[in-house]
1. So, A119, is that one at pLDDT below 90 and either closer than 30 Å to G222 by Cβ or in a helix (DSSP H, G or I) (or both) or not?
2. Somewhere in the stretch 219-228, is a residue of a type in the set (G, A, S), open to solvent by 50 Å² or more (accessible area, probe 1.4 Å) and closer than 30 Å to F90 by Cα?
3. Restricting attention to the stretch 179-223, which residues are among the β-branched types (V, I, T) and either over 15 Å from G43 (Cα atoms) or part of a strand (DSSP E or B) (or both)?
4. Name every residue in the stretch 122-147 that is of a type in the set (A, V, I, L, M) and either in a helix (DSSP H, G or I) or in contact (Cβ under 8 Å) with a residue 24 or more places away in the chain (or both), in order of residue number.
5. Report yes if G84 is surrounded by 14 or more Cβ atoms within 10 Å (Cβ to Cβ), small (G, A, S) and at pLDDT below 90, otherwise no.
6. On the basis of being within 15 Å of the chain's Cα centre (by Cα) and aliphatic (A, V, I, L, M), does L47 make the cut?
7. Across the stretch 122-157, what is the total count of residues that are at pLDDT 95 or above and in contact with a Ser or Thr (Cβ under 7 Å, 6 or more places away or on another chain)?
8. Looking at (1) in a helix (DSSP H, G or I); (2) open to solvent by 60 Å² or more (accessible area, probe 1.4 Å), which one does L174 not meet, given that it meets all the others?
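The values are calculated or read from the model by the stated rules, or taken from the named source; none is laboratory data. Note that this is a predicted model, so its numbers are computed, not measured. Glycine gets a Cβ as well: all are built from the backbone with ideal geometry, and neighbour counts include every protein chain shown. Surface accessibility is based on the protein's heavy atoms, side chains included, excluding ligands, DNA and RNA. Shrake-Rupley method; radii C 1.70, N 1.55, O 1.52, S 1.80 Å.
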Amino acid sequence: MDVVNQLVAQGQFTVLKQPLGFIKILQWIFAIFAFSTCGSYSGMFKLSVECENPSYGDLGIEVEFEYPFRLHQVYFDAPTCKEGDKKRIFLTGDHSSSAEFFVTIGVFSFLYSMAALSAYCFILEKYRENNKGAQIDFVVTAVFAFMWLASSCAWAKGLSDVKTATDPDRVILLIPACEEKGNRCREVYDPRVSGLNTSVAFGFINLILWLGNLWFVFKETGWLGALSGTYVPSQEKQPAPDSYAQGGYAQQDPYAGSQGGYQPEYGQQGGYNEDGGYNQGYEQQPTSYSNQM
């Protein structure tokens with residue numbers, strides 16, 4: 001808990017109010033909606049086969065199917081209307097590739113959005129350092145935008161095929177007894193695929209979000225300034241103002257040292273002596289008038 005509290009205390013959550021972070025939250029949420037509505041689906045439809053001899057018929061045939069929609073493995077036993085015999089009928093089509101592709105993109109989008117939000121909140125300075133993080137984010141965002149386009153279109157086509165393969169009117173055509181006169185076959189319950197329709201809608205919403213996020217991430221890369229000629233690459237941190245030794249302010253005093261300026265000597269040969277004479281620092285001895293007196 002202490003580690004979590006420290007991370008929260010050091011976090012920069014104001015970025016979540018900006019378009020860069022706010023759109024990532026939407027991407028995270030709608031990715032969950034997309035893969036959950038598709039990956040957790042299970043449906044069922046009912047048929048009835050009324051034979052000429054009622055004792056041979058079956059008025060409540062239930063057929064269940066679910067994600068990943070390998071319908072060629074889904075079967076049910078239909079009466080043959082001949083002495084109580086039954087025949088196993090399989091549905092047609094394997095639509096697992098498009099469904100699993102769609103769910104996989106949704107899961108990875110969810111994980112990347114969560115990772116990007118963590119980077120925005122806790123290591124935003126490193127993310128913007130030399131714009132490397134923003135450039136990587138832009139490339140990954142562009143890839144996910146393309147993947148959402150491909151997966152949403154593929155799943156929309158796959159869902160259309162699933163609806164066709166699970167249409168009770170079409171499944172009835174697979175039952176041999178329904179082709180014979182005197183027998184009556186009809187649908188009792190249609191499958192509900194509203195959740196699958198919603199998953200396709202969420203897929204295209206994610207596409208719009210990731211495409212829109214490209215612009216806000218692009219502004220963080222510095223490429224826009226480079227194209228317009230106004231971008232200045234980030235420099236290394238300058239030393240503190242009071243550090244004159246490395247900041248360029250530590251110039252030599254022109255009046256201090258042996259090479260520059262005037263340095264008077266008031267040492268051993270200069271100044272006033274005990275006799276009251278003034279010694280100016282010359283090598284010759286001053287004239288003494290004490291003997292002449």
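1. yes
2. No, the stretch 219-228 has no match at all.
3. Result: V188, V200, I205, I208, V217, T221.
4. L124, A134, I136, V139, V140, A142, V143, A145, M147
5. no
6. In short, no.
7. Residues flagged as at pLDDT 95 or above and in contact with a Ser or Thr (Cβ under 7 Å, 6 or more places away or on another chain) within the stretch 122-157 amount to 4.
8. That leaves (1) as the condition not met.
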